[in-house]
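The values are calculated or read from the model by the stated rules, or taken from the named source; none is laboratory data. Keep in mind it's a predicted model, so treat the numbers as computed, not measured. Here the Cβ positions follow ideal geometry from the backbone for every residue, glycine too, while neighbour counts run over all protein chains shown. Just the protein is used for accessible areas: all its heavy atoms, side chains included, with ligands, DNA and RNA removed. Shrake-Rupley method; radii C 1.70, N 1.55, O 1.52, S 1.80 Å.
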Protein chains: 2
Amino acid sequence: MSLNLFRSTIRAARTSASSGSRFMTPAYITLSSNGRCMSTGAAKLADINPSRLEVVRTSQPGVPPPSSSLKFGHTFTDHMLTVPWDVVSGWGVPKIEPYGPLQLEPSCTVLHYAQTIFEGMKAYRHDDGRVTLFRPDMNMKRMNTSAARIALPTFDGEAMLELIKQLIRIDKDWIPREPGHSLYVRPTLIGTQKAIGVGPPSEALMFVILSPVGPYYPKGFKPVSLYGTTEFVRAAPGGTGAFKLGVNYAPGILPQKQAAEQGYAQNLWLHGPEHYLTEVGTMNMFVVFGKGDGSYELVTPPLDGMILPGVTRDSVLSLARRHASKSYTVKDLPEQITVSERPVTMAEVRDASKNGTLIEMFGAGTAAVISPVDRIGYRGEDVHVPTGKDGMGPLSRPIWRELVGRQTGEIKSDWSVEI
Amino acid sequence: MSLNLFRSTIRAARTSASSGSRFMTPAYITLSSNGRCMSTGAAKLADINPSRLEVVRTSQPGVPPPSSSLKFGHTFTDHMLTVPWDVVSGWGVPKIEPYGPLQLEPSCTVLHYAQTIFEGMKAYRHDDGRVTLFRPDMNMKRMNTSAARIALPTFDGEAMLELIKQLIRIDKDWIPREPGHSLYVRPTLIGTQKAIGVGPPSEALMFVILSPVGPYYPKGFKPVSLYGTTEFVRAAPGGTGAFKLGVNYAPGILPQKQAAEQGYAQNLWLHGPEHYLTEVGTMNMFVVFGKGDGSYELVTPPLDGMILPGVTRDSVLSLARRHASKSYTVKDLPEQITVSERPVTMAEVRDASKNGTLIEMFGAGTAAVISPVDRIGYRGEDVHVPTGKDGMGPLSRPIWRELVGRQTGEIKSDWSVEI
């Protein structure tokens, strides 16, 4: 894509963002009020229906391992949720059943053509026994736009969320009680057509599995080093970077290995000859500049079609904007901040590092929440990024506290949805 | 990527092509003589070993359906081949067993992060009873470069080919006898780690399934119409277009649907502001220009990192080059041809269509072999592409006959490998 086209895409994204839509939904995807995509011309098939749920409880319940031994995504709870779909009858009977292997034909299209999308969200157990999810409506909406992008079936997001809540209720005892721990919820939708033609699948399967997880930083924040990556791209204009598709993940593993071999923890994906910052590893990216007069600019790249519309990204922006407009106060957050969704180049970051106006940088995502950065390998030298004494900076620290407060229930908010 | 970077990538690709390498293997992937990728620093693990093969024959052999009822990729033979791999012991015991479902954990990484690569090749049954594959060494080499690109395990390509031959021998009676029919062979390699971390998988599974297929054009050639696609990309510089990964397929389905809704059969993927031709649907692309003096230029885009190094593409180029240099004669192919791997833009194609120097265009791939094109929807109008009276043009017709002759054994060649 030419620079002009790229710029006009960014302008379009800005317009969309300023008009208040949380996700930049592409013009070819229309969402209804319940988050379901409206497909034109499709026959009216059965949607996901929680009242049809069948539950088969395990006869051999497992024992949750000690929280201290949890490794991300390695432990799963007693049950899983499945909802089949086919092109003739639509969504079928939802089932909660004992966690166990799926039987998939070797011709199954997900195994050949990567017809898979997923979501990641967390359930928290509060001191008073309540269990909550954090902004799960955002995940259901995004999952629908992801499905539409690769011609997988869309669905009623509210109905699906009801089923997910029921699964979590049944496996509630698996949610760790320790601070910083949670239950990671992984809804996944795969194409299961039993024929290897490339096209919209005739069959699909939604499944949800649950994994108890510990804190991302068990021993306090540890800033990560980034390798400014130009040899590989995570996404490109006209590609799939704005959707949570499996295809965005496998290709990033080799670049990550190569960054690690050079002594960096993650890839900082740079785009185009200008080396625009896009994402870091599998997280959204924020940069804080100081303006010299004690005020700050909090910058993140715009939703230009290459950036995943992250729930944590949206939460950071929303909190900072409300604080800046004085309609809400995030404790300890500096008063004078400007919030920008705008392109930012490595040259700007490097220059700011040199002249002392680079305040901090951090990644934002469901797994880590906030992940501070301390240096960027770029063109053979390291760009230094300041970090506070606990690893966090003047904006990320109060924003992180507010986010975690809302997740754990210490701070009341409508982002926390009770199960 | 800037235009300059894009051009220098193309220059690098040309250099590589002219130095005789069949595939442009990126600098970060090193292939040994048996096609296996050399990974640095890895412990020496067991490779694929055909002498460990275990065979369990089905007790309920199926009956091959009538050849006339075959639909691509819908029918599978009695047996399949599996070879497991894990990071501790390497490649395990190969098994030929009855065709049936795979048991995959719902946490299996292929289902979340698209850790899948595949190949497509065809086995032909000849009048004298022999069965042959067409250039299968190319597929094994490409599968290794694909594996390396997404951190799946590499393997000894010759050993793997031995196992594939044994599977085909066992299911030989499933190969249709009718002209134009064949047995489609689908090797697939998936990540099967039972934990949802994003990284090189700790476990993987190679499997091979076989599907009897009929001719792509049962009733004679039918030229396809193309939609010049700029809204979506199939590949980008720094991406995965040059590798046969599952991730290149799912994202193309929505664009194909949208092209179909506008009355076009396939996407012609155009790159950059210059609208360079890259691929058509899931095939490589050839254009023939007339030079006005009775000579022709056969053009295909270079292996610039965005183009799949197709086996049919390589075969077309190789035949045309040998014919042009008079070291071999392709029957009925015009004598005066120049063969070019060079960028070609839509402007060049449109101008040639208008001034009568566009001779023909065709896709090339394993499924269709040669697929002629009759028009391209571009910027709101149709660019007319000439086709001969049987749908094929003056270069594609003799090249297609030569390719099919070599596949069916009518023309002897070392591209045909006996099983």
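Considering the conditions (1) open to solvent by less than 10 Å² (accessible area, probe 1.4 Å); (2) touching a Gly at 6+ places or on another chain (Cβ under 7 Å), residue A:366 is excluded by exactly one of them, (1).
Among the residues in region A:109-130, are any in contact with a Pro (Cβ under 7 Å, 6 or more places away or on another chain) and more than 9 Å from chain B (Cβ to nearest Cβ)? Even if it seems obvious, please write down each step before you answer.
Quick first cut of region A:109-130, residues in contact with a Pro (Cβ under 7 Å, 6 or more places away or on another chain) only: A:109, A:115, A:118-119, A:121.
Now drop any that are not more than 9 Å from chain B (Cβ to nearest Cβ), which leaves A:119, A:121.
Within region A:109-130, one or more residues are in contact with a Pro (Cβ under 7 Å, 6 or more places away or on another chain) and more than 9 Å from chain B (Cβ to nearest Cβ).
In this structure, residue B:283 does not qualify as under 21 Å from residue B:393 (Cα atoms), modelled with pLDDT of 95 or more and away from chain A (no Cβ under 14 Å).
Return yes when residue A:233 is in contact (Cβ under 8 Å) with a residue 40 or more places away in the chain and touching a strand residue (DSSP E or B) at 6+ places or on another chain (Cβ under 9 Å) and no when it is not. No. Please count how many residues of region B:179-193 are at pLDDT 95 or above and assigned to a loop (DSSP other than H, G, I, E, B). Residues in region B:179-193 being at pLDDT 95 or above and assigned to a loop (DSSP other than H, G, I, E, B): 2 in total. Could you please let me know if residue B:242 is crowded, with 23+ Cβ neighbours inside 10 Å, of a type in the set (A, V, I, L, M, F, W, C) and not in a strand (DSSP E or B)? Considered against the rule, which asks whether it is crowded, with 23+ Cβ neighbours inside 10 Å, of a type in the set (A, V, I, L, M, F, W, C) and not in a strand (DSSP E or B), residue B:242 comes out as yes.
Only one entry in B:212, B:251, B:201 is of a type outside the set (S, T, N, Q), over 21 Å from residue A:197 (Cβ atoms) and within 14 Å of chain A (Cβ to nearest Cβ), namely B:201. If you go through region B:377-412 and keep only what is touching a helix residue (DSSP H, G or I) at 6+ places or on another chain (Cβ under 6 Å) and open to solvent by 30 Å² or more (accessible area, probe 1.4 Å), you end up with B:384, B:411.
When region B:254-271 is limited to residues that are over 20 Å from residue A:113 (Cβ atoms) and within 13 Å of another protein chain (Cβ to nearest Cβ), the one that is surrounded by the fewest Cβ atoms within 10 Å (Cβ to Cβ) turns out to be B:262. Scan region A:57-77 for residues that are open to solvent by 10 Å² or more (accessible area, probe 1.4 Å), within 13 Å of chain B (Cβ to nearest Cβ) and at pLDDT 95 or above and the total you get is 2.
Within region A:299-317, can one find any residue that is part of a strand (DSSP E or B) and open to solvent by less than 10 Å² (accessible area, probe 1.4 Å)? Taking every residue of region A:299-317 in turn, at least one turns out to be part of a strand (DSSP E or B) and open to solvent by less than 10 Å² (accessible area, probe 1.4 Å). Scan region A:166-194 and report the pairs whose first residue is over 24 Å from residue A:91 (Cα atoms) and whose second residue is part of a helix (DSSP H, G or I), with Cβ atoms within less than 7 Å and a gap of 6+ or a chain change. Close Cβ pairs satisfying both conditions: A:176/A:67; A:178/A:67; A:181/A:67; A:183/A:168; A:183/A:174.
When restricted to residues that are closer than 30 Å to residue B:156 by Cβ, open to solvent by 20 Å² or more (accessible area, probe 1.4 Å) and part of a loop (DSSP other than H, G, I, E, B), region B:198-234 contains 3.
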